[in-house]
Every structure is written in C-alpha cells, then in structure tokens.
1. Cβ contacts < 6 Å: first residue over 12 Å from SER297 (Cβ atoms), restricted to the stretch 132-146; second residue modelled with pLDDT of 85 or more and outside any helix (DSSP H, G or I), any location; separation 6+ or different chain. Result?
2. Out of the stretch 212-231, which residues are open to solvent by 30 Å² or more (accessible area, probe 1.4 Å), in contact (Cβ under 8 Å) with a residue 40 or more places away in the chain and not hydroxyl-bearing (Ser, Thr, Tyr)?
3. Could you check the stretch 375-400 and list, in sequence order, the residues that are in contact with a Ser or Thr (Cβ under 8 Å, 6 or more places away or on another chain) and either at pLDDT 80 or above or among the basic types (Lys, Arg) (or both)?
4. Here is a list of conditions, (1) out of contact with any strand residue (DSSP E or B) (no Cβ under 7 Å at 6 or more places or on another chain); (2) modelled with pLDDT under 85, and CYS187 meets all of them except one; can you say which number that is?
5. Only one of (1) open to solvent by 10 Å² or more (accessible area, probe 1.4 Å); (2) of a type in the set (A, V, I, L, M); (3) within 30 Å of GLU122 (Cβ to Cβ) fails for VAL249. Which number is that?
6. If PRO246 passes every condition in (1) out of contact with any helix residue (DSSP H, G or I) (no Cβ under 7 Å at 6 or more places or on another chain); (2) part of a helix (DSSP H, G or I) but one, which one does it miss?
7. What are the residues in the stretch 91-105 that are in a helix (DSSP H, G or I) and more than 19 Å from the chain's Cα centre (by Cα), if any?
Amino acid sequence: MAAATASGGNRNFSKSPLIENSDPNQILVPEKKSWKNFFSYLGPGFLVSIAYIDPGNFETDLQSGAQYKYELLWIILVASCAALVIQSLAANLGVVTGKHLAEHCRAEYSKVPNFMLWVVAEIAVVACDIPEVIGTAFALNMLFNIPVWIGVLLTGLSTLILLALQQYGIRKLEFLIAFLVLTIALCFFVELHYSKPDPKEVLFGLFVPQLKGNGATGLAISLLGAMVMPHNLFLHSALVLSRKIPRSVTGIKEACRYYLIESGLALMVAFLINISVISNVVGKWSSKIFAIALLASGQSSTITGTYAGQYVMQGFLDLRIKPWLRNFLTRCLAIIPSLIVALIGGSAGAGKLIIIASMILSFELPFALVPLLKFTSSNIKMGSHVNSLLISSVTWLIGGLIMGINIYYLVSSFIKLLLQSHMKLVAIVFIGLLGFSGMAIYVAAIGYLVLRKNRESSTHFLSSSDSQTAETLPREDIMNMQLPNRVTVTGNLD
C-alpha cells in the first residue's frame, strides 16, 4: 500500500482515483441489461452536439449558402460522419479508463509537452468562444436593435446567469441544453418549410464533392473546423464519467454502444440543422426566427465551452477554479478581440472574425485528435461492440486527411499571399522565412505526437477483474459540473 496525491506530474496518476466516495445522487445505470438503460445514458451527446450548431457553424453555413448555394453540403455530411467516429472514441476512452483525455495527457507527457498541449487547448476554447460572443451579439441586434459592440459586452452577464444552473447538477443542465437544441431545430425547420429548397439540388450538393471558385477551399476548411472542434474531445470524454456504469465487460460494452447511439442521434439533429441553415439562405427566411435560434445557440454553446475549459484546466494542470471565474477569464479573452473588431469593422468585420476563429480550430484539431488516437490505438479492446482496430484505423485516416488539407491550404495560401504582395524583395524573403519556419514547427509538433511511443502505464485500461473495486466512476467533479478541492487518497498501486 502506498499513498498518492492527485497532483500534476505524478507518474502514478493514471492508476489513482481522484475521489474516494461517490455522490448518493449520482446518475446510476442499472446492472440489469435492458434497452431502458439507454435513457440513463441520454445527455452527454446532446451537450457535445451544441458545438456543431453554435454561431460559428451558422456563420460558415451562411457564407457557404450565400456564395456557393448547395455546393459545399458534402463537407457538412463528411464532417458529421467523421465527428461521430471521433466523438465515439472520446466517449469510449472515458467509459473504459475512468479518466478523460486531458488527464491522460498529463499522465503521459512530460511537463513541457503537457504545458504546450494545454496552451493549444486553451486557445481552442477561446477561439470557440469568439463566435459564441459575436453570434449572441448579432441575435440581440436582430431582436432588439442593440448595437453589436454593446451586445458583445452583454454576453458575459447572460452567461453567468445561466451558469447558476450548475448548482442543480448535470442532469438539469442536460435537460436545459436539450430544450435549447430542440428550440434551435424547431426554428430552422419552420424556416425550411417556408424556404422550400429544391430537393434535387440539395441531394446533388450532399453526395457530389465539388470545390469551385476562389475561396471555396478556405471556406470548406472553415466548415470543417466549425464542425469538428478540438475542445469537444476533452468535453465528451469527461461528460461520460457522470454515469456510474456496471464495471463488467457487459456493462462497459453496453455503455459504449448506447453512447454511440446517443451521439448519433444528437449529431443527426445537428446535421439537419446545418443543412437547414444553408437551405434557408438560398430561399426566404425570417430574421426574427433566425435570431431566436442564434440566441439559443450562443447561450447553450458558451455553457458547454466553459465546462470544456474547466476540464482542460483540471486535467492538464490539476488546477481547479469555480465555473463562473473560469467563464469570466475565458469570456474576457474572447470579448476583447470581438469588441475591437465590432467597433472598427462593424458587423462585416465581426463575421470575418468568426471565419478566422473556425479556421484556427481546424488547424488545432490534430493536437487533441492525435493524443486521443494514441491512447485508444492499443491492442486492448475498449469494450465497444465495434472492432476497436477498425474504428482507430478509420479515425487515423480521417485525421490524416484533415491534417493534409490544412497543411496544403496553409502552404498554398501563404505562397499566394507572398506572390501577390507589393512588398520589397527583402521583406518578402524575411516574412517567407518566418512563415515557413512556423509551418515547419507546426508539422514537427504533429509528427512528435504521432511518432512518439506512449508509455504502457498511461494507457492502462480498467478491466473487469479490477473494476469491481475501482472508484473512478462516477466522478463527483464531472457529475456536479463543479471540481472539488484536491484530496489525498490511498490505494494499491501494485
């Protein structure tokens, strides 16, 4: 027997539970196998799906519909299918190991790589928060004629009010988010009824890939970045820990299967909403109904973004702060650039900032996706009813395509920028050296994550033999959406 403290840099962290006692009000999944257990798993998928219908998605959808009509619908379809595979891996990681992705990273990597991954994850959270701030400001402007820059300031107050719901536990929050998702869906489906898009053009855009015209590739990357967000991988792997599942092979398989089904349902709703947004742009639509959906989207997505940031901070640094303070810090970092752009560039400038933020998310995705794939690519079966090797192979292929497209667009756009600039030759050479050096560092960082061999202890999975005494599920910090103070626990590390 040995004492272990759940603090940063502890190499025994991967095998030590975070808490000792479970909450008597936990979300308990019955041990008896039944289809009714599915309702116990409902919730995390819909919380995660908010990231796929946030204001960043709406802005890129609007741009896509306005410039290319239905030509980029296939990007939405591909991104949604990829998201389902990736999110299922994130959920399985939490279910089988009892720890979320950020905690695995802290247990696996040394201090410097761990710190850099945390910085990248925090940038992703802020980049995700910018569209939410601007989108909510746009909604307030459309509904009440409030100037965009004032709406940007008001978003911080509205979010803090909604975060007060965290004291009622995760189940109440899940019901609220589900209600907001249904509100968004209802608004756009009503719009879709009046816009009456051409079914043939919609189907052609969905199943015939095409990238025509200047800027189509960049917009496609923005659509991809707005759909598959890096912070969502950290969030999903943590939210599944709010359930106490039977720690047996059958129980783990059932949890993975039902989380996959639930994620599929939630992402299907998100997919239909995104298709509706693009179709409504081409037809006629009501600005008021759109504003209501945009307001619901902005408020719900900022709540999930706040908790994603909370889990990122706790997992990478073992640093726990109150959700309202976490939201205040993140929201300040998002409000400052949003406010500056809104004051200088107006609504048009704010819209462009959303596109830029979405592209940043796409470029940052590998730094969450590669660690996830490395942790789930071991030969140990993850408990899913689908062959884990097949899922990992498909996800590696998806991740490789995303990284390849990003690098190609980055290099080609930078070269085009240099060739079309009117700067002196010395300045072009200097900027070129800086730019290509940065790209080399970006590629090298991804290569390091891909080629580095994981330590065996960091990928330790809870098996049925040791799970009967495991106290890692349910997690009080996840279930109550409030991280506890650091505790010292004693456990058998042999």
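The values are calculated or read from the model by the stated rules, or taken from the named source; none is laboratory data. In this text the structure is predicted, and so the values were computed from the model without any measurement. Cβ placement follows ideal geometry from the backbone for every residue including glycine, while neighbour counts extend to all protein chains displayed. Areas reflect the complete protein model, heavy atoms only, side chains present, ligands, DNA and RNA absent. Shrake-Rupley method; radii C 1.70, N 1.55, O 1.52, S 1.80 Å.
1. Close Cβ pairs (under 6 Å, with a partner that is modelled with pLDDT of 85 or more and outside any helix (DSSP H, G or I)) amount to LEU140/ILE146.
2. Let us first name the residues in the stretch 212-231 that are open to solvent by 30 Å² or more (accessible area, probe 1.4 Å), namely 212-215, 217.
The next check asks that each one be in contact (Cβ under 8 Å) with a residue 40 or more places away in the chain; those that pass are 212-213, 215, 217.
Once the filter is applied, which keeps residues that are open to solvent by 30 Å² or more (accessible area, probe 1.4 Å), in contact (Cβ under 8 Å) with a residue 40 or more places away in the chain and not hydroxyl-bearing (Ser, Thr, Tyr), the stretch 212-231 yields LYS212, GLY213, GLY215.
3. PHE375, THR376, LYS381, TRP396
4. (2)
5. It is condition (3) that VAL249 fails.
6. Exception for PRO246: condition (2).
7. Here is the first cut: in the stretch 91-105, the ones in a helix (DSSP H, G or I) are 91-97, 101-105.
The answer is VAL96, THR97.
Every residue, every condition in (1) among the β-branched types (Val, Ile, Thr); (2) crowded, with 19+ Cβ neighbours inside 10 Å; (3) part of a loop (DSSP other than H, G, I, E, B), yes or no:
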| site | (1), (2), (3) |
| --- | --- |
| ILE335 | yes, yes, no |
| LEU343 | no, no, no |
| ALA350 | no, yes, no |
| LEU353 | no, yes, no |
| SER358 | no, yes, no |
| SER362 | no, yes, no |
| PHE367 | no, yes, no |
